[in-house]
Amino acid sequence: MGEQPIFSTRAHVFQIDPATKRNWIPASKHALTVSYFYDATRNVYRIISVGGTKAIINSTITPNMTFTKTSQKFGQWADSRANTVYGLGFASEQHLSQFAEKFQEVKEAARLAREKSQDKTELTNPALNITSHQVLPSPIISSNGPGEDKLFRSQSADVEITTEKERLKKMLSEGSVSEVQWEAEFFSLQDNNNKLVAALHEANANVDQWKKQLAAYQEETETLRQRVAELESQGTHDSSSENNKEELSQTLEELELLIKAKDEEIQMLKNQKCGRWEAEGEREETLQKLQELETRNAELERRLHLAEQTLAETLAEREKIQNEVTKVAEIMDVKIFELSEIRQGLAKLVESN
């Protein structure tokens, strides 16, 4: 747990094909988190990327490494220890530049750390500063058997020490890799847990909001149903108004026929009037009859006008009611469709929870 992340970004991870050494093999289907880690206890820098429970990248940065930009959004570097070449595809050129700059900084820090480590080793072990030409093997070689035996034992001890150092380095490396993998997996699981908790809170808030909206829609739907019932009852009255309209139309037709007949009778009486000047009694009777007919004709015209006015008002009221019923029906359809979508969303949310 001594390693801490110092820089992280998202990228698609690739590795060179070990067979062809030319083609790239994607390490995962999606972009992964790629991070620079610094181990303060060992004074080393690593590039680590974890996919699931597997460490996709575990590369220790050395001063002789080079990060190369091969395109505007792609870069690569070779790791001789892992015997592979890593490639990263970024979402933008800016992300690639940031990663390359950080690589250069970490590389320089690794170089300084190595030089500091070497200086510290030379200070603590002055015997290592002796060069090869300063070693005088002649006394050991020129001595008798014990001297030769001493030389043989020194070489064997050096080999054993070197082997032990390599074994210790390997154990530390493997332990560090396993430790980093578990740490990266722990951080990944913790991040996923936080995301799931946030998603659950958001889902609960959405459920409460949808329940309130559903209650409002149900109340509005009930109001619309009552309005539709009222309009339907008005439609029933409208059917009776329609019957009255038909009766009025029939009455109008009868009045028009009667007026036409009376006009013909008036015209006939006017024609007969010219030949009956000698008969005063008949003339007065005819004039009186003509006056009565004209009065009745005026009354019939008044009734006809009232009937036409009533018919126009009835038609206008019926058209208004029909438009209102159509509008309410459209609103009902929209609300019913929204209610259906909300119920489906709630059902899916319940299933997912």
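The values are calculated or read from the model by the stated rules, or taken from the named source; none is laboratory data. Note that the structure is a prediction, hence the values are computed from the model and not measured. For neighbour counting, all protein chains shown are included, and Cβ atoms are generated from backbone atoms with ideal geometry for every residue, glycine included. Side chains included, ligands, DNA and RNA excluded: accessible areas come from the protein's heavy atoms. Shrake-Rupley method; radii C 1.70, N 1.55, O 1.52, S 1.80 Å.
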In segment 1-102, with Lys and Arg counted as +1 and Asp and Glu as -1 at Cβ, which of these residues, G51, N64, Q94, has the Cα nearest the positive end of the dipole, that is, farthest along it? G51
I want to verify the translational diffusion coefficient of segment 256-353 in µm²/s; compute it with Stokes-Einstein, Rh as the Kirkwood radius over Cα pairs, at 20 °C and 1.002 mPa s. 109
For segment 96-105, 3J(HN,Hα) per residue [Karplus equation, 6.51 cos²θ - 1.76 cosθ + 1.60, θ = phi - 60°, Hz, x = Gly/Pro]: 5, 5, 4, 5, 5, 5, 5, 4, 5, 5
Charge tally for neighbours of L306 with beta carbon under 12 Å away, counting Lys, Arg as +1 and Asp, Glu as -1, is -2
Which Rg and Dmax, in Å, describe the Cα atoms of segment 295-348? 23.6, 80
Report the percentage of all Cα-Cα pairs in segment 6-94 whose separation exceeds 18 Å, rounded to a whole percent. 44
Summing +1 per Lys or Arg and -1 per Asp or Glu among the other residues with Cβ less than 12 Å from Q291's Cβ gives -2
Whole-number accessible area per residue in Å² for segment 1-130, which is evaluated in the context of all protein chains at 1.4 Å: 60
Once amide hydrogens are built 1.01 Å from N within the peptide plane, the residues lying 5 or more places from Q15 or on another chain with amide H under 5 Å from its amide H are I25, A27, G87
SASA check, Y217, accessible area w/ 1.4 Å probe, all protein chains in place, rounded to nearest 10 Å², comes out at 40
